[in-house]
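Peer 1: I have a structure I would like to understand better, so I am pasting it below and will then ask my questions one at a time.
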Amino acid sequence: MTAPTAHPFGVTSMHRNLRRVAMRRPGAILTADHRRWHYGKPIDADALATQYQAFVDLLIGDGCEVVWLDDDQTPPDDDLADSVFTYDPSFVVGEGAIVLRPGKELRVGEAALHRRFYHRLGIPILGEIEAPGMVEGGDLFWIDDTTLAAGRGFRTNQHGIDQLADILTPLGVQLFVLDLPYFHGPDACLHLLSVISPLDADLALIHAPMVPTALYQRLVDDGYQLLPAPPAEFEASSGLNLNVLATGPRRCIAVEGFPGTLELLRSAGCDVRTFAADELCIPCEGGPTCLTRPLLRA
């Protein structure tokens, strides 16, 4: 058997130029029971598919290569509705990938998809999170090249954080662990990246009322400028105004319809492109960042 050819990979920041991402086409989400999956309303499949393609077009137009999680061109036919949000079931660092274990029970099967994907691409798997550990990618973000913030809450627990530290410490990566608030409880999706979106090495968008104090102080001490988005827009968007994907330093993709947030970004020198997300993102608790698993930032 011929060994797979490794694709270029490596991620140690949230803001460097996004060169390659893993994505998965909408499948089960198009017909999902919104109550079972904790979506805000029944899904309009045609509108969701149109909005997804518009987001893909923005990424490709920005010079980012999309690598599909499935090896063929047909939409997946399994029951993994949330698998379109590829940020959560795995994480890529400088040396390879880590297969995570989602805290949402309906998502646990996505880990196997990501494991097969990395094997196919020849990207080394450095480790996996095992039960009772839980870690979701949305609770992780790079503060700097050697420091990864980790949010402890309903989707990421201490067992998972301990396993993740065992994988990362030999690589010279430290975890900065923070507790997340209860907010809407265990059924809702509140990640660390629900309340902060890094946009550059020294710039981040935040929902100030819910940012952990220790993180706020750490970023200020590190020289970050923190942009407090309008709380009313956070409420109106179910937090998705905060979910902004940096495709390069101060270059980003955001959901449309929240002018206060967009003006704040542009006033800080960000080049912002937007797409309609009232079907794809806002009801389904996942935004532009969630839709991508960065494979290479350079």
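The numbers here are math on the coordinates, done by the rules we state, and not lab data. Everything numeric here is computed off the predicted structure, so don't read it as measured data. No Cβ is skipped: glycine too gets one built from the backbone with ideal geometry, and neighbour counts run over all protein chains shown.
Peer 1: Among bridges DSSP assigns within the range 135-226, what percent are antiparallel (round to 5)?
Peer 2: Numbers: 8 of 16 bridges.
Bridges in the range 135-226 are about 50 percent antiparallel.
Peer 1: Same structure, new question: What percent antiparallel are the DSSP beta bridges of the chain, to the nearest 5?
Peer 2: Values: 19 of 42 bridges.
DSSP beta bridges in the chain are roughly 45 percent antiparallel.
Peer 1: Let me ask something else about it. State the Cα centre-to-centre distance between the range 128-174 and the range 28-79 in whole Å.
Peer 2: For the range 128-174 versus the range 28-79, the Cα centre distance is 27 Å.
Peer 1: Return a whole-number percent for the relative contact order of the chain, with Cα pairs under 8 Å and 6 or more residues apart as the contact set. Before the final figure, lay out each step's value.
Peer 2: Numbers: 627 pairs, mean separation 74.8, N = 298.
Once normalised by length, the contact order is 25 percent.
Peer 1: Need one number for the range 124-165: average projected area of the convex hull over its C-alpha atoms, nm².
Peer 2: Mean orientational projected area (the range 124-165, Cα hull): 3.2 nm².
Peer 1: If the only charges are +1 at each Lys and Arg Cβ and -1 at each Asp and Glu Cβ, what is the size of the charge dipole of the range 18-297 around the Cα centre, to the nearest 20 debye? Let's see the in-between values first.
Peer 2: Working: 22 positive and 39 negative charges, 47 e Å.
Charge dipole of the range 18-297: 220 debye, to the nearest 20.
Peer 1: Which whole-Hz ³J(HN,Hα) couplings does the range 214-230 yield from phi under the Karplus relation 6.51 cos²θ - 1.76 cosθ + 1.60, θ = phi - 60°, glycine and proline marked x?
Peer 2: Whole-Hz 3J(HN,Hα) from phi for the range 214-230: 4, 5, 4, 5, 4, 5, 4, 4, 7, x, 6, 8, 10, 9, x, 5, x.
Peer 1: Next question, about the same structure. So if R0 is 30 Å, what FRET efficiency would D222 and A298 give, r being the distance between their Cβ atoms, rounded to the nearest 0.05? Don't jump to the answer; show the numbers that get you there.
Peer 2: Numbers: r = 22 Å, r/R0 = 0.74.
With a Förster radius of 30 Å, E is 0.85.
Peer 1: To continue, here is another question. Give me a comma-separated list of calculated 3J(HN,Hα) values for the range 52-59, in order, Karplus coefficients 6.51, -1.76, 1.60 applied at θ = phi - 60°, integers in Hz, x for any Gly or Pro.
Peer 2: Going residue by residue, I get 4, 5, 4, 5, 4, 4, 5, 4 Hz, with x marking Gly and Pro.
Peer 1: Among L226, H38, C281, which residue has its Cα positioned farthest towards the positive end of the charge dipole of the chain, with +1 placed on the Cβ of Lys and Arg, -1 on the Cβ of Asp and Glu, and the dipole taken about the Cα centre?
Peer 2: L226
Peer 1: Also, I was wondering about something else. According to a simple spin-label model (label point 7 Å from Cα along Cα-to-Cβ), what is the distance in nm between H159 and R36?
Peer 2: Distance between the two pseudo-spin positions: 2.5 nm.
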